[in-house]
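Readers should treat all values here as calculations from the given coordinates under stated rules, not as data from a laboratory. Please read all numbers here as calculations on a predicted model, not as lab measurements. With ideal geometry, Cβ positions are generated from the backbone for all residues, glycine too; neighbour counts draw on all protein chains shown.
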Amino acid sequence: MKVYHLPNRVSGLIFDMDGTLYTHHEYAEHQNVVLIRRLAALRGLSYEAMKGQIDEYHRAWAQAHGGENLSLGNTMAALGIPIDESIRWRSELINPEAFLAPDTGLRSTLSAMKDLAGLAVVTNNPIDIARRTLSTLGVLDLFSAIVGLDTFRVSKPHDKSFLKAAEDLQARPENCIAIGDRYDIDIALPLKLGMGGILVSGVEDLPQILTILQKL
């Protein structure tokens, strides 16, 4: 875990979802595989060939942008798949219920966080997948705002998504903290917007964040 910036006053906590509110490598891989497999079928390629093209695009992007990472949603858009199509594919193919289960520890931590600040999720999945994921984890009712790929039809990082989360929490951006597992996707832009930022390795870091918040 790495803390980049903390506001003096915290009114909103804006979480990434996948890799942040749960740690499940098989489910994370499932999400990528089903989307790449669908794209491969559309292009008449093998999965391996399609993944090779995507990996090469990621390498070229990183080289041209100072080592930054690119989301799969933005990669697919660059490869000619409209955001609306990505939304439909994700809603059809991603199945959180097959991998995740209620997490009582997560619920306890988030409940304590909710006593300190409003909770929001900003995700590159559609809102229906976010709601299903949070429901499966047993924490949906704790979140006051969900901003998904279908909210503005843009993939993170995008200022509209983070500012919408702050607005829905009725919090000033400078009083929010973005929490996620990918710096370039989840943290870098919120920092530019004046928010706090905490990079996590996974859900196991959240109790430590709660301790930090309780000391502010």
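Is it possible to state the helix-based mean residue ellipticity at 222 nm for the chain, with each DSSP H run of 4+ residues giving -39500 (n - 2.57), the sum divided by total residues, to the nearest 500 deg cm²/dmol? What is it? Value at 222 nm, helices only: -14500 deg cm²/dmol.
Put simply, when 151-158, 179-186, 92-99 are sorted by average Cβ atoms within 10 angstrom per residue, most first, you get 179-186, 151-158, 92-99.
Here the gap between L116 and V33, fully extended at 0.36 nm per residue and compared with their Cα-Cα distance, gives a gain of 26.1 nm.
Between K2 and T104, residue separation times 0.36 nm minus the direct Cα-Cα distance comes to 34.3 nm. Over all other residues within a Cβ to Cβ distance under 14 Å of K2, the charged ones net out to -3, with Lys and Arg as +1 and Asp and Glu as -1.
Full extension of the segment from E97 to Y183, taken as 0.36 nm per residue of separation minus the current Cα-Cα distance, would add 28.2 nm. For the chain, the longest principal axis of the Cα atoms and the long axis of helix 206-215 meet at an angle of about 30 degrees. Take every DSSP beta bridge whose two residues both sit in the chain; close to 15 percent of them are antiparallel. The H on the amide N of V121, modeled in the peptide plane, is under 5 Å from the matching H of F15, A145, I146, V147, each at least 5 residues off or on a different chain.
Result for the chain in a Gaussian network model with C-alpha springs under 10 Å: among L70, L106, L79, the largest mean-square fluctuation is at L79. Between A49 and D159, take the C-beta separation as r, use R0 = 35 Å, and let me know the FRET efficiency to the nearest 0.05. E between A49 and D159, to the nearest 0.05, is 0.50.
The angle between the Cα long axis of helix 127-137 and the longest principal axis of the Cα atoms of the chain comes to about 60 degrees, rounded to the nearest 10. Please give the net charge around I187, taking every other residue with its beta carbon less than 14 angstrom from that of I187, where Lys and Arg add +1 and Asp and Glu add -1. Result for the neighbourhood of I187: -3.
Each other residue within a Cβ distance under 13 Å of V34 adds +1 if Lys or Arg and -1 if Asp or Glu, for a net charge of +2.
Distance between the pseudo-spin-label points of R59 and L79 (7 Å out from Cα toward the beta carbon): 1.5 nm. Angle of helix 47-64 to the longest C-alpha principal axis of the chain, folded into 0 to 90 degrees and rounded to 10: 60°. For the stretch 161-178 versus the stretch 92-137, the spacing of their alpha-carbon centroids is 18 Å.
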